[in-house]
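Just so it is clear, none of the values below were taken in a lab; they were calculated from the coordinates. Quick caveat, the model's predicted, so the values are computed rather than measured. Cβ atoms come from the backbone with ideal geometry, glycine included; neighbour counts cover every protein chain shown.
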Amino acid sequence: MVQALHRLRPVDPARLTELGGLAVRTTPELTSPDGNESWDAIELVRTRVSSGGLPPVDARTVDGKWVSTATAPVPFSTCRVLTRVSSVAEDPYVSCSRTGPRLSHWTDRAVKNAFAEGNRHFTTTVDFPAHATGTFGAPLHDLFLYDLTRATVKGDHNDDRLLGARCALGHQRFDPGLIAEVGLQRHRAGTLDLPHLLETTQALGEQQLVKQLWPLLTAPASGPAAEPKRPPAPAGLFRQLSGWVVEIPERVELPDGIRHFAGSRGSSKAHDAARTLVEAVEQA
């Protein structure tokens, strides 16, 4: 029941009148540790719809962890039977997760329970909840970026990560601005694995996802390019983008950061590749 409410798309509150006269209760064994308490399922639906949906994540990093005070209208902690099988004590909409080089758990506990566990196998979502309702916040953008850097690493669940990334990209679930934000944070923390990221994006580009990848690569490329210490392999990133220009039917744009870098003084491989990219975009 809680999982279904997390998946529920926005509903006009006026439709709550359609629930009049219905009486549905949950099975006590599934909703309380002692098996003696059931829920009024109709009232839970009313609570979820009346709230307007899942709240904004508004996550921030504290000591290398994502934290948020946002809570779902009907959180998973409501289902007290979960304490038998998990460590769920509280259930904020976004739980804490490390933003370091190893990010092995979902940063969004609600999404984890509703999608990662329930739909982990034999669905197109696989390892990333592309069908989740609501807007993805910075934590899930960070996780997606991390997944992209691991998808071509041998023995790291490559097929699952690639399938999950392809599904999420196909549904256009990401905000280039947030990708740029978390990419810059990872660069400054030394955890932006650009060489492996480019291997993954090359593989996804070969699966006809160039148009979806373009804004997600140009945005994070713009920030680090302007940093005093640039990430390794920026030339490879610019060359990859240059090769994709002709594959996108409409005119593409470049962030100011890339143009400023291309126009700055310097003769490095990255400078040359950035200038080639700008020229390719202007000639397209």
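Would you please name the trypsin sites (Lys or Arg not before Pro) within the range 212-284 that are DSSP coil residues with at most 12 other C-beta atoms within 10 Å of their C-beta?
Numbers: sites: 229, 239, 251, 259, 265, 269, 275; in loops: 229, 251, 265.
Here the trypsin sites (Lys or Arg not before Pro) that fit, given the DSSP loop and packing criteria, are 229, 251, 265.
Calculated FRET efficiency, residue 40 and residue 159, Cβ-Cβ r, R0 45 Å, to nearest 0.05?
Numbers: r = 43 Å, r/R0 = 0.95.
Approximately 0.55, to the nearest 0.05.
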Practice task
Report the FRET efficiency, 1/(1 + (r/R0)^6), for residue 47 and residue 189, where r is their Cβ-Cβ distance and R0 is 35 Å, rounded to 0.05.
Solution key: 0.35
Handout entry: Rough spin-label spacing in nm, given labels placed 7 Å along Cα→Cβ, for residue 246 and residue 14
Key = 5.4
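For residue 268 and residue 4, what does the FRET efficiency come to when R0 = 51 Å and r is the distance between their Cβ atoms, rounded to the nearest 0.05?
Numbers: r = 54 Å, r/R0 = 1.05.
After rounding, the FRET efficiency stands at 0.40.
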Practice task
Report the local net charge at residue 28: Lys and Arg +1, Asp and Glu -1, summed over other residues whose C-beta lies under 9 Å from its C-beta.
Solution key: -2
